[in-house]
Amino acid sequence: MAVIVNPLIVCQDMWKVYRVGDVTVQALRGVSLTIEQGEFVAIMGSSGSGKSTLMNILGCLDKPSQGHYWLDGADTGSLRSDQLAEIRNQQIGFVFQSFNLIPRTSALENAQLPLFYRGLPLRQQRALAAAALERVGLRGREEHSPTQLSGGQQQRVAIARALVATPSLLLADEPTGNLDTQSSREIMDILSALNQEGMTVILVTHENDVAACAAREVVIKDGQIQSDRVTKAKIHVAEA
Amino acid sequence: MFTWLTIVTALRILRRNRLRAGLTLLGIVIGVAAVIAMVSIGEGAKQAVQKQIASMGTNVILIWPSGTTVGGVRGAQGGAVTLTVGDAVDLKKKVHVLTDTGWYTRGAMQIVNGSQNWNCSVYGTSPSYLTIRDWSYSSGGAFTQADLDSAARVAILGQTVVENLFDHGEEPVGAAIRINNVPFRVIGVFSPKGQSAQGWDQDDVVFIPYSTAERKVLGTQFLGSVGAIAASTARSEDLETAVEDIRSVMRARHRLQGEQPDDFTIRTQVDMGKVQEGTSETLTVMLMVIASVSLLVGGIGIMNILLVSVTERTREIGIRMAVGAKRVHIMTQFLIEAMTLGVVGGFIGVLVGILAARLTTIIAGWPTIISSDAVVIAFIFSVAVGLFFGLYPANKAARLNPIEALRYE
């Protein structure tokens, strides 16, 4: 029996135009993209290619100037900033290159943050955040502040924060950019494992070996999709 | 839930920057403390004035002769002698709201006790005048109607006179003194009343019976003429009707025609108090305004520190927005921080203000009254100041663009 699954992401002829003084910058020039639930996509491109802009739009931090972006069937172009905030809270987990943890705040509280804005009871927030930290292998480090953690550990806290709210989409922007090889491996392993469990992961990177973890590679150049190819057959988790 | 956690977060953020938060608080603390201390001093001054007014006696009406106009030349108030003992007696009979009337005549005289001498005001009064003006005695007592009838040579001395005529420890009551070379026996000493509202020493007086003064010491311009008449009513509400009744009785007695002006002036204690109270009221308002300005400056301090905080934590705000904080969340966070500064500053300010007021009383000896109204208002005001000056920074934080905020270095 064929199960019809709506694509998680549908982009249709998206343009993004900035005005910087008198200069008009076309960051995106007609991007169309469809990503199914459970995919592991790497978006590649040199700096200035427009990949960060695409990432911001996919993450509902920004809206396209033209065209449409449907996330899970909802057209984000028509939403107000508070509604976008709610979508980010419910459906999207972010992992940034520079970790972006709140300073002088414990790992547990950093991981709690999305649940805090969801208004969950404190006890539940703590339990879920502790579970998420355990999931990324940081059990026993709950009370450590970011400065007491290594780069790799900080990024793992960030991943715990991204997945604590069980989002449908995990957006990782150069997640290994500030890490050594060993830590990079660990982070990519975690992301791969999450994808194996069915989470949609979009990875923005310019490193080929990082992109190699993904099953699909989208290359952006000058605000347009230059190539879009499947690099690995999707591995289906056996339900045995 | 959200609010509570935000308060906890705000407190932690403030604790993180203890010195900075402390210095910011200082502005509010000084503002609130100033308001409370100033109002306490103002209230204290007001009560001191009220006490002074009360020292004149309760529900007192005073009647003086008016200035005279002779051939177009106007004399000063009290210059003419138009009031008589007869007026006073008649007023008591005809104006029913009056409980009593009294009268006095006055002159400056030389008082001698042994080798000491002193010059002061000598009042020849009716015994009723003493009760109307509410004099009390530190030793001895008042003269009586019998003393008045017999023109007895008895005197009551004020505290200042006693100090100047008697050695320390010497008992004045029973002593023989001479007033204008007439021998008198001291029968009482007044309790000190202190300075009058007009600034003269109310204790620098000697009281003798009116009849004695008239016949033996001061003399009068004509038989039964008095310097002023005092009257009292049982209730302060009766003062107004009493004044009206007194005026008509006096006009009839003095045979004044319709057009002629009064040849006397009536003043009540309320009239006399008004000026003084107005002064201290102005003082309180002025102190309050000055103190409010310092509270305002404290508020600007809060705004300043929050603006710094918003800039410093731009990235944090970006992170919070990325994980789903709505504008109202960010706004609330900063407002609560501002209000926390207001609440904590207000609380400490109240304590410091009360302390300052107490110290003012102890060190400078000024009377202060800590009014609970001022405490409550100052506290609410400090929280409101925090809220008001927090609005702009909080709004600025909430309007940040999450992308730019995340990229902020």
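A few remarks follow.
- Look at (1) more than 9 Å from chain B (Cβ to nearest Cβ); (2) outside any helix (DSSP H, G or I); (3) over 24 Å from B:Glu404 (Cα atoms) and you find that A:Gly152 fails only one, number (2).
- Count - residues of the range A:194-214 that are under 12 Å from the mean Cα position of the chain (by Cα) and surrounded by fewer than 16 Cβ atoms within 10 Å (Cβ to Cβ): 0
- Matching residues in the range B:137-150 - criterion: being surrounded by fewer than 16 Cβ atoms within 10 Å (Cβ to Cβ) and farther than 13 Å from B:Gly188 by Cβ: B:Gln145, B:Ala146, B:Asp149, B:Ser150
- For A:Gln124, the stated conditions do not hold, so it cannot be described as assigned to a helix (DSSP H, G or I) and either at the interface with chain B (Cβ under 9 Å from one of its Cβ atoms) or surrounded by 17 or more Cβ atoms within 10 Å (Cβ to Cβ) (or both).
- Filtering the range B:82-112 to residues that are over 28 Å from B:Asn59 (Cβ atoms), surrounded by 17 or more Cβ atoms within 10 Å (Cβ to Cβ) and at pLDDT below 90 leaves only B:Met109.
- Yes/no for A:Thr34 being within 19 Å of A:Arg229 (Cα to Cα) and among the β-branched types (Val, Ile, Thr): yes
- Any hit, the range B:255-278, residues being closer than 22 Å to B:Pro127 by Cβ, modelled with pLDDT of 85 or more and in contact with a Leu (Cβ under 8 Å, 6 or more places away or on another chain): no
- Those residues of the range B:271-306 which are crowded, with 16+ Cβ neighbours inside 10 Å, of a type outside the set (Gly, Ala, Ser) and over 21 Å from B:Asp373 (Cβ atoms), in sequence order: B:Met272, B:Gln276, B:Ile302, B:Met303, B:Ile305, B:Leu306
- Meets criteria (more than 14 Å from every other protein chain (Cβ to nearest Cβ) and at negative phi) for B:Ala374: yes
- B:Ile362 meets all of the listed conditions (1) part of a helix (DSSP H, G or I); (2) surrounded by 14 or more Cβ atoms within 10 Å (Cβ to Cβ) but one, namely (2).
- Taken together, the residues in the range B:11-54 that are within 13 Å of chain A (Cβ to nearest Cβ) and of a type in the set (A, V, I, L, M, F, W, C) amount to 2.
- A:Gln112 assigned to a helix (DSSP H, G or I), more than 18 Å from the chain's Cα centre (by Cα) and more than 8 Å from every other protein chain (Cβ to nearest Cβ): no
- Scan of the range B:241-274 for residues that are touching a Phe, Trp or Tyr at 6+ places or on another chain (Cβ under 7 Å) and not β-branched (Val, Ile, Thr), ordered by number: B:Met250, B:Phe264
- Test: B:Thr282 is within 18 Å of B:Ile41 (Cβ to Cβ), of a type outside the set (Asp, Glu) and in a helix (DSSP H, G or I): yes
- Taken over the range B:294-319, the residue count meeting the criterion of being touching a residue at least 12 places away in the same chain (Cβ under 8 Å) and at the interface with another protein chain (Cβ under 8 Å from one of its Cβ atoms) is 3.
- Strands (runs of 3 or more DSSP E) within the range B:119-207 that include 1 or more residues over 25 Å from B:Gly224 (Cα atoms): B:137-140, B:176-179, B:182-190
- Residue in the range B:244-265 that is farthest from B:Thr84 (Cα to Cα), counting only those that are surrounded by 19 or more Cβ atoms within 10 Å (Cβ to Cβ) and of a type in the set (A, V, I, L, M): B:Ile246
- Set side by side, the residues A:Arg104, A:Arg88 differ, and just one is among the basic types (Lys, Arg) and either crowded, with 16+ Cβ neighbours inside 10 Å or away from chain B (no Cβ under 11 Å) (or both), which is A:Arg88.
- In this structure, A:Leu191 does not qualify as buried (at least 21 other Cβ atoms within 10 Å of the Cβ), within 17 Å of the chain's Cα centre (by Cα), in a strand (DSSP E or B) and not small (Gly, Ala, Ser).
- The residues listed here are B:Ala155, B:Ala176; of these, the one that is at pLDDT 90 or above, closer than 23 Å to B:Val85 by Cβ and in the same structural domain as B:Val89 (by TED's automatic domain parsing) is B:Ala155.
- Of the residues making up the range A:46-85, just one is touching a residue at least 60 places away in the same chain (Cβ under 8 Å) and at the interface with chain B (Cβ under 8 Å from one of its Cβ atoms), namely A:Gly59.
- Selection status of A:Val10, away from chain B (no Cβ under 13 Å), farther than 25 Å from A:Ala111 by Cα and touching a Ser or Thr at 6+ places or on another chain (Cβ under 6 Å): yes
- Every residue from the range B:198-215 that is surrounded by fewer than 19 Cβ atoms within 10 Å (Cβ to Cβ) and either hydrophobic (A, V, I, L, M, F, W, C) or free of Cβ contacts under 8 Å to residues at least 60 places away in the same chain (or both): B:Gln198, B:Gly199, B:Trp200, B:Asp201
The values are calculated or read from the model by the stated rules, or taken from the named source; none is laboratory data. As the structure is a prediction and not an experimental result, all values here were calculated from the model. Here the Cβ is made from the backbone with ideal geometry for all residues, glycine too, and neighbour counts use every protein chain on show.
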